[in-house]
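See structure below.
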Amino acid sequence: MTNYDQIDFTPLLALSDTEVVTQSPVRDITLASGKVLALITLDNGRDHTRPNTLGPATLTALGATLDGLAARAASGEIDAVGITGKQYILAAGADLSEVSNVGSRDNAKLIAQLGHHVLGKLSELGVPSFAFVNGLALGGGLEIALNSTYRTVDASAAAIALPEVFLGIIPGWGGAYLLPNLIGIENALEVVVSNPLKQNRVLKPAQAYELGIMDAIFPAASYLEDSLRWADRVLTGDHKVVRKNEPGKIERLTKWPIAIKVARGMLESKIGTVPRSPYVALDLLDKAKGGTKAEGFAREDEALADLVTGDQFAASMYAFDLVQKRAKRPVGAPDKALAKKVAKVGIIGAGLMASQFALLFVRKLQVPVLITDLDQARVDKGVAYIHDEIGKLEAKGRLDADAANRLRALVTGTTDKSLYADCDFVIEAVFEEVGVKQAVFAEIEQIIAEDAVLATNTSSLSVEEIGAKLAHPERLVGFHFFNPVAVMPLIEIVKTPATGEAALSTAFVVAKGLGKNAVLTADAPGFVVNRLLAKVMGEAARAVYEGTPVADVEKAFGPIGLPMGPFQLIDLVGWKVAAHVQDTMVRAFPDRFYANENFHALAELDAVVEKDKGGRVTGFTKAAEKVLKGHVGQTPASAETILRRVQDGLAQEIRLMLDEGVVPEVEDIDLCLILGAGWPFIDGGATPYLDREGASERVFEGTFHTPQIRGVVG
């Protein structure tokens, strides 16, 4: 097995000249029993907005600190070691900027080995170690705790998780071996594999305690004091830590392999076989049922080295940077000082989409929200839906009774449109037809203040055309949400040639207030996401009408790695919406987009496709086959042909969108696809994937990124 003491880690220090080093100062605390606990407090000297991270210099310093404490423990000076973090934060894991600059597989392996070497010391001090998880603990931060003898957690900690699989890697500093042996295989699968693939779900402290990751949980107000008292009782033997999943209690012979088999089947059904990290994590968890800790750590070293130097991690880091940095500072957004203060919101319509808007606006902005519709019955139904959803949040404990009542009181519904007079921001959610939208805006414009902002949620219509009959088209902006409204993080903010800076600034400020990420787009057909999804869905439909079985078409799209196949996506979006978007795109670009008149006939059916238990489309319903009869050809396309068509079609369309100035830069297209279409992090959005697959070269004899976003060679 690897002897970490004999490894030269100095090459890593040359990579860390930009690292924000997290220091590890120690202070001795004499407990009530008289025993001495040496407490390490991780602190990078920044405020809570810049979490502690664990780069090579940080780990090296922590290793030296732990060596000194081991020597003190051997001489009897101390009885225990504790480790905690600065306010609100233990650690956010590895410094990803350092990890992504490794330069070679050898260096990547050294990062894995250094983490194991240093964090592993927490279990080799000669005295018990206590991790006091006082706040955020992600990745390596949680692995600090897992390598410790005992763990307590602050009940107010923001998040506890091993998110590595989401980023295309694996928990590589002990997590993949230690966690299943602490809490059992089924719980470990949830934390290591399932949660990262559910939009990077994290654990709350109470959940971590219930799973057995933490041995005790204490309230924030007295967290450290309670933890120290608890540690003292453990050290004196007054409290015995009993874990329901002690290694001797974990069933390994039957339950473990069955859980792995079930998880593998679920992964293949839900995400296909393109993403590497979930399957590598699965293999590590499987092998953790036997062997020594040293063997488990060695397997993690090799796995992490392979993944860190691969294309999927490189693409994930590009995507991570877009979401963490670019999304928070939207390119093209005007000065926020130009924004109109929004003290009341108006929503035209009271249907499901309008009601979802109202719920989001009232929850996030906490200002009065007015909804209207053609008759009182529709208005009452919309208000009742909003009140019911607030009630559900209250029942789940996400709102207390006072907050819930306050939100209900802020929502009003009426057929009297004169009440829009004092609204600062009015958004329509009416039928997707230009004439209808023009009519409702023409009526509302007569009522609202001159500086009030009008917003349209159109998914593909021309915003400029919608505003063509306005006296003040400069106040109109596109404000395109994605469904489900509460969940999807993207809003496409659409600027027409007439849109004023004040309206545009207001839209960006409102989007941020709603907790959404906004991307500026020009007023082009389909904007960004729907234009490119229309290409994907159109190529899928083309293949079906040529005679390719729908299940074969779904499989052909598998290598792209999208979270769902094209027909599964159409079924989620809605066949009527999909038919409308395809028609819009074909009208705009008849030579590049595909639609079929039968789309509308299919859209009238109650059910168009059949699915398996995992939600994957397996075929058309009998009713759909009846509609399609006589309209489907006899020349099925091969999987290779279908994939090549969609790759080249996307590369062509994105290149044209950039040439047309639909978005400021190619990064904005990838950001839109990641946030609005669930395009996988491991692709980095569409453009790094299209570069790697050669589609960019085939279509325009170039690449979207120079150099290409690829893994490390060597």
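The values are calculated or read from the model by the stated rules, or taken from the named source; none is laboratory data. As the structure is a computational prediction, the values presented were derived from the model and not from experiment. Cβ: placed from backbone, ideal geometry, glycine included. Neighbour counts: every protein chain shown. Just so you know, the surface numbers come from the protein's heavy atoms only, side chains and all, with ligands and any DNA or RNA stripped out. Shrake-Rupley method; radii C 1.70, N 1.55, O 1.52, S 1.80 Å.
Using a 1.4 Å probe on the protein heavy atoms, what percent of the accessible area of segment 157-297 belongs to carbon and sulfur?
Working: 3540 of 6270 Å².
Here it works out to 56 percent.
Among the listed options [x] 1.05; [y] 1.68; [z] 1.17, the one matching Cα Rg over 2.2 N^0.38 Å as calculated from these coordinates is [x]. Taking 24 Å as the limit for the C-alpha separation, the pairs Lys198/Lys622; Lys198/Lys535; Lys340/Lys512 exceed it in the case of Lys198/Lys622; Lys198/Lys535. Take the residue pairs Lys289/Lys325; Lys261/Lys611; Lys495/Lys611; Lys249/Lys611; Lys204/Lys249 and return only those whose Cα atoms are more than 29 Å apart. Over 29 Å Cα-Cα: Lys289/Lys325; Lys495/Lys611; Lys249/Lys611. Proximity of backbone amide H atoms, modeled 1.01 Å from N, is registered between Ala94 and Leu54, Gly140, Gly141 at under 5 Å, excluding neighbours fewer than 5 places apart on the same chain.
Only aspartates and glutamates eight or more places from Lys344 in sequence, or on another chain, were considered; those with a Cα closer than 17 Å are Asp416, Asp422, Asp424, Glu428, Glu445, Glu450, Asp451.
Separation of segment 105-137 and segment 564-633, taken as the distance between their Cα centroids, equals 52 angstrom. Of the peptides 97-106, 23-32, the ranking by mean beta-carbon count within 10 Å, highest at the top, reads 97-106, 23-32.
Excluding Asp17 itself, what net charge comes from residues whose Cβ is under 13 Å from its Cβ, given Lys and Arg +1 and Asp and Glu -1? Kindly include the intermediate steps, with their values, before the conclusion.
Values: positive: none; negative: Glu19, Asp95, Glu98.
For residues surrounding Asp17, the net value is -3.
For segment 592-632, run through the GluC sites (Glu not before Pro) and keep only the ones in DSSP coil with at most 12 other Cβ atoms within 10 Å of their Cβ. Those that pass, being in a loop and sparsely packed, are Glu597, Glu604. Return the whole-Å distance between the Cα centroid of segment 287-336 and the Cα centroid of segment 408-485. Here the answer is 42 Å between Cα centres.
Rounded to the nearest 500, what is the 222 nm mean residue ellipticity of the chain from helices alone, with -39500 (n - 2.57) per DSSP H run of 4+ residues and division by all residues? My calculation for the chain gives -13500 deg cm²/dmol from helical runs alone.
Over segment 479-625, accessible surface divided per residue gives 36 Å², non-protein components excluded, 1.4 Å probe.
Segment 205-230 and segment 516-563 have Cα centres spaced 47 Å apart.
Ignoring aspartates and glutamates fewer than eight residues from Lys240 along the same chain, the ones with Cα atoms less than 18 angstrom from its Cα are Asp79, Glu210, Asp215, Asp226, Asp232.
Provide the percentage of antiparallel DSSP beta bridges, counting only those with both residues in the chain; round to the nearest 5. Write down the numbers at each step before the final one.
Details: 13 of 59 bridges.
Around 20 percent of the beta bridges assigned by DSSP in the chain are antiparallel ones.
Check each of the trypsin sites (Lys or Arg not before Pro) in segment 442-544 and keep only those in coil by DSSP with at most 16 other C-beta atoms within 10 angstrom; list them in order. Those that pass, being in a loop and sparsely packed, are Lys469.
For segment 289-352, state which trypsin sites (Lys or Arg not before Pro) are in a DSSP loop and have at most 11 other beta carbons lying within 10 Å of their beta carbon. Mind dumping the intermediate values first?
Working: sites: Lys289, Lys293, Arg299, Lys325, Arg326, Lys328, Lys336, Lys340, Lys341, Lys344; in loops: Lys289, Lys325, Lys340, Lys341, Lys344.
Here the sparse-neighbourhood loop sites are Lys325, Lys341.
Ligands, DNA and RNA left out, the 1.4 Å accessible surface of segment 92-145 is 48% carbon and sulfur atoms. Taking the average, over residues, of other Cβ atoms within 10 Å as the packing measure, peptides 397-405, 232-240 rank 232-240, 397-405 from highest down. Calculated FRET efficiency, Ala384 to Arg50, Cβ-Cβ distance, R0 = 56 Å: about 0.80 to the nearest 0.05.
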